[in-house]
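The values are calculated or read from the model by the stated rules, or taken from the named source; none is laboratory data. Being a predicted model, the structure only gives us computed values, none of them experimental. Glycine gets a Cβ as well: all are built from the backbone with ideal geometry, and neighbour counts include every protein chain shown.
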């Protein structure tokens, strides 16, 4: 699952960015809701002072990544169908490290930068219960969040969006960034290499289908690989005239935004696609497609369209068009 997180100083524009994500159909988890729910549970007024005190208490008792840890099951539940979630409200480097440990390369951190003056202006239009209202209060909140490692978290961002002009310009920047990350297909490949098998041949077999695969072989003989390029595999399906079979295999192995297929390892060494059972004797090549920014049905139509007399009825040339 892909996790996209926004990080920034108070009132920098994280909430606006999250609203854009919702408009694009992406589930959003707001980390501050964990604190606000805790305040409600304790019967406390929702204010900046109470929120800061409870946030500090949780971090002292459960660790600096306490809020992130509480959010992880919420994030996984929110993304079980879409395969992607946006999280709003990272406050420190410990939370970044927790999410990176949990989601690995599927975690993307986007920093939002905005001046103190611009941020103070926004207090007049947002009007949230726990917002600050003066420059001194804003500086105090900045210092509090810096004590949690906010500055280091911002420095760890994969990319930064500037929010200094009008709100519409900022929204367009956020939309462009989110669409860039979401318009992709991640290909994950795994198989077991047995002592009787030639490691080099198995590696070549993977490359026969996905030439751009980055392959890692673990000590226990499990091969793991990641790839992005679908074109060669798509071309093989057409050259070998197995579009109908491939389509059936994909349709019956859909789960949320993922499709998993199993390929015969032996025929892969000669670049031939033969579908296999998951429990094949010598372990099949397991290929999982994780699809972002496009409907799964369109992905199947792109890779293996319906045919008539063995020929595609309608080809989709651009998956994300």
Unmet requirement for residue 84, which otherwise passes all of (1) under 30 Å from residue 254 (Cα atoms); (2) at pLDDT 95 or above: (2)
Odd one out for residue 144, checked against (1) touching a helix residue (DSSP H, G or I) at 6+ places or on another chain (Cβ under 6 Å); (2) crowded, with 16+ Cβ neighbours inside 10 Å; (3) part of a loop (DSSP other than H, G, I, E, B): (3)
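Residue-wise test of (1) free of Cβ contacts under 8 Å to residues at least 24 places away in the same chain; (2) over 16 Å from residue 149 (Cβ atoms); (3) not in a helix (DSSP H, G or I).
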position: 3; (1), (2), (3): no, yes, yes
position: 10; (1), (2), (3): no, no, yes
position: 15; (1), (2), (3): no, yes, no
position: 26; (1), (2), (3): no, yes, yes
position: 37; (1), (2), (3): yes, yes, no
position: 40; (1), (2), (3): yes, yes, no
position: 46; (1), (2), (3): no, yes, yes
position: 51; (1), (2), (3): no, yes, no
position: 54; (1), (2), (3): yes, yes, no
Members of region 29-53 that are crowded, with 20+ Cβ neighbours inside 10 Å and either in contact with a strand residue (DSSP E or B) (Cβ under 6 Å, 6 or more places away or on another chain) or within 16 Å of residue 109 (Cα to Cα) (or both): 29, 31
Filter pass, residue 214 being at pLDDT 90 or above, in contact with a strand residue (DSSP E or B) (Cβ under 9 Å, 6 or more places away or on another chain) and farther than 25 Å from residue 32 by Cβ: yes
Residue 164 assigned to a loop (DSSP other than H, G, I, E, B), outside the structural domain of residue 237 (by TED's automatic domain parsing) and over 21 Å from residue 260 (Cα atoms): yes
Scan of region 274-286 for residues that are surrounded by 14 or more Cβ atoms within 10 Å (Cβ to Cβ), without any contact (Cβ under 8 Å) to a residue 40 or more places away in the chain and over 18 Å from residue 242 (Cα atoms), ordered by number: 280
Residues satisfying the stated conditions in region 287-320, i.e. buried (at least 17 other Cβ atoms within 10 Å of the Cβ) and over 17 Å from residue 232 (Cβ atoms): 290, 291, 292, 293, 294, 296, 300, 301, 305
Scope region 274-303; condition assigned to a loop (DSSP other than H, G, I, E, B) and closer than 22 Å to residue 24 by Cβ; matching residues: 293, 294, 295
Residues within region 56-81 that are surrounded by 15 or more Cβ atoms within 10 Å (Cβ to Cβ) and part of a helix (DSSP H, G or I), tallied: 13
Total residues in region 104-119, condition surrounded by fewer than 19 Cβ atoms within 10 Å (Cβ to Cβ) and in a helix (DSSP H, G or I): 6
Scope region 2-28; condition at positive phi and out of contact with any strand residue (DSSP E or B) (no Cβ under 7 Å at 6 or more places or on another chain); matching residues: 11, 25
Residue 108 being modelled with pLDDT of 85 or more and within 23 Å of residue 27 (Cβ to Cβ): yes
Search result, residues across region 239-273 that are free of Cβ contacts under 8 Å to residues at least 12 places away in the same chain and assigned to a helix (DSSP H, G or I): 239, 248, 267
Close pairs (8 angstrom Cβ cut-off, 6 or more residues apart or separate chains): at positive phi in region 145-172, assigned to a loop (DSSP other than H, G, I, E, B) and surrounded by 15 or more Cβ atoms within 10 Å (Cβ to Cβ) anywhere: 149/64; 149/91; 149/92
